[in-house]
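Notes follow the structure.
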Amino acid sequence: MRTLAHGAVVLTLISGGAVAAAQPSYAACAPEKPIFNITNIQTTYRPTNIKSDFIKGPGTISYSKADSATSTWTGSAGIGGDIGVIVAKLNLQASGSYAKSWTKTTTWTYTLDIAKGKTQRIRMYHASKSLYVTKKVFNNGRCKWETVYKDKKVIVPSKQNVNVWKRENF
């Protein structure tokens, strides 16, 4: 009995009519680490928990509050356990520094005029990177790469305190 490349098994007839089968050989397929391919990296701003009440214009919103602003990563289902690897790879590919979450405690102060006939509030948005991730793993049994997920969208916050204030309509 002998084993061919890619796990094929050759059976040998043993006297007495019994057939023996060997286990497939995996020597030709060395284990490989998963591959994460990141594409379409773009800057975006994600809403934080820092926001004013709504007011009806004309008027001015003056927001000043000591609070902790937070922004955490978001992504498609099935990515959760891979987010650390994805963030590390993003930090190598993109300018800046990114993390699974960002928190900043300070006094946030901002003033904005609201036009007549509008009912709005202001909210702080935090700088982030939007990207798409494809994960491939090597299947030793088949000696080939297989895609686990393809083009899953992930948004990762910046470690820096980079924010913009935007109006939100009621």
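The values are calculated or read from the model by the stated rules, or taken from the named source; none is laboratory data. As the structure is a computational prediction, the values presented were derived from the model and not from experiment. Here the Cβ positions follow ideal geometry from the backbone for every residue, glycine too, while neighbour counts run over all protein chains shown. Side chains are part of the model used for accessible areas, which takes the heavy atoms of the whole protein and leaves out ligands, DNA and RNA. Shrake-Rupley method; radii C 1.70, N 1.55, O 1.52, S 1.80 Å.
Points to keep in mind about this one:
- Dipole magnitude of region 124-170 about its Cα centre (Cβ charges: Lys, Arg +1; Asp, Glu -1), debye to nearest 20: 160
- Residues of region 134-170 with amide N under 14 Å of a point placed 7 Å along Cα→Cβ from residue 54: 168-170
- Over region 67-118, Cα pairs under 8 Å with separation of 6+ residues give a relative contact order of 53 percent.
- If you plug the beta carbon distance of residue 113 and residue 162 into 1/(1 + (r/R0)^6) with R0 = 30 Å, you get a FRET efficiency near 0.80.
- Share of carbon and sulfur in the accessible area of region 97-170 stands at 44%, probe radius 1.4 Å.
- Qualifying aspartates and glutamates (Cα of each under 16 Å from Cα of residue 116; at least 8 residues distant if same chain): 168
- By the Cα gyration tensor, region 115-155 has an equivalent ellipsoid whose semi-axes, rounded to whole angstrom, run 46, 9, 6 from largest to smallest.
- Sequence-ordered 3J(HN,Hα) estimates for region 129-146 from the Karplus curve with 6.51, -1.76 and 1.60 and θ = phi - 60° stand at 10, 9, 8, 10, 10, 10, 10, 10, 10, 8, 8, 5, x, 9, 6, 7, 7, 10 Hz, glycine and proline given as x.
- Cross-link table 51/159; 135/166; 104/136; 100/152, entries beyond 26 Å C-alpha to C-alpha: 135/166; 104/136
- Radius of gyration, Dmax [region 77-170; alpha carbons; angstrom]: 19.3, 68
- With K and R counted +1 and D and E -1, the other residues having a Cβ less than 15 Å from that of residue 111 yield a net charge of +4.
- q = 0.21, 0.25 Å⁻¹: log10 I(q)/I(0) that the Debye formula gives for region 46-105, counting C-alpha atoms only: -0.91, -1.10
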